[in-house]
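The values are calculated or read from the model by the stated rules, or taken from the named source; none is laboratory data. Quantities reported herein were computed from a predicted structural model and do not represent experimental measurements. Note that we place each Cβ from the backbone using ideal geometry, even for glycine, and neighbour counts take in every protein chain shown. Ligands, DNA and RNA are stripped out before the accessible areas are found, and what is left, the full protein with its side chains, is counted by its heavy atoms. Shrake-Rupley method; radii C 1.70, N 1.55, O 1.52, S 1.80 Å.
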Amino acid sequence: MEIEVLPPSAGAAVIERVTGLVNQVYAESEKGLWQGNADRTSADEVAGFVTAGEIAVAFVAGDVAGSVRIRRLDEATGEFGMLAADPARRGLGIGRALVRFAERVSRDAGCREVQLELLVPRTWTHPSKQFLAEWYGRLGYRVTHHADLAEDYPHLVPSLATPCDFRIYRKDLR
């Protein structure tokens, strides 16, 4: 497996594959949270992230096997999101490798910690979200606070099928 930050010159085929993979993974892991078929992202949005140098991709035998968005929130904090690993390659450590890559990029940029946000339903337990919460905990992430989706992303609220909040996780990189 090789992981690299996509260059701004990345072709449309790779951007489409990343977009499709992210939407496929999130359609399953966020089933029941959104009304109808709400895609997580679009090719235009991913292309913008690629241009900004924020998309890292894991390749296995030359094929896109996973991706993650990495960015700097402030002087001390990096963030990753839109983590997606090909379900057909589950168990190969792609997700874990992408998280480690995001941590290394953040550390190399001088960040002292890295953050992620996990969307969770407010009144019930979602199996995929429970799995991710436990997985992030095993990777050393701790919930630092909860955020109201309506406050941070009010434009998304009408698309929700159930009330949701964000759990903000952080990990010290020192």
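Key figures
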{"item": "Filter result (among the acidic types (Asp, Glu), without any contact (Cβ under 8 Å) to a residue 40 or more places away in the chain and more than 23 Å from ALA147 (Cβ to Cβ)) within the stretch 71-121", "result": "ASP108"}
{"item": "Filter result for the condition that a residue is over 15 Å from ARG104 (Cα atoms), out of contact with any Pro (no Cβ under 6 Å at 6 or more places or on another chain) and open to solvent by less than 40 Å² (accessible area, probe 1.4 Å), over ALA61, ALA65, ALA76", "result": "ALA65"}
{"item": "Hey, ALA38 in a loop (DSSP other than H, G, I, E, B), open to solvent by less than 70 Å² (accessible area, probe 1.4 Å) and either in contact with a helix residue (DSSP H, G or I) (Cβ under 9 Å, 6 or more places away or on another chain) or basic (Lys, Arg) (or both) or not", "result": "yes"}
{"item": "The stretch 81-132, residues that are acidic (Asp, Glu) and surrounded by 15 or more Cβ atoms within 10 Å (Cβ to Cβ)", "result": "ASP86, GLU103, GLU113, GLU117"}
{"item": "Residues of the stretch 63-88 satisfying the condition of being within 22 Å of GLN130 (Cβ to Cβ) and in a helix (DSSP H, G or I)", "result": "PRO87"}
{"item": "Sole exception among (1) at pLDDT 95 or above; (2) farther than 22 Å from VAL18 by Cα for TYR153, by number", "result": "(1)"}
{"item": "Residue in the stretch 78-100 that is at pLDDT 95 or above and farther than 28 Å from ALA13 by Cβ present", "result": "yes"}
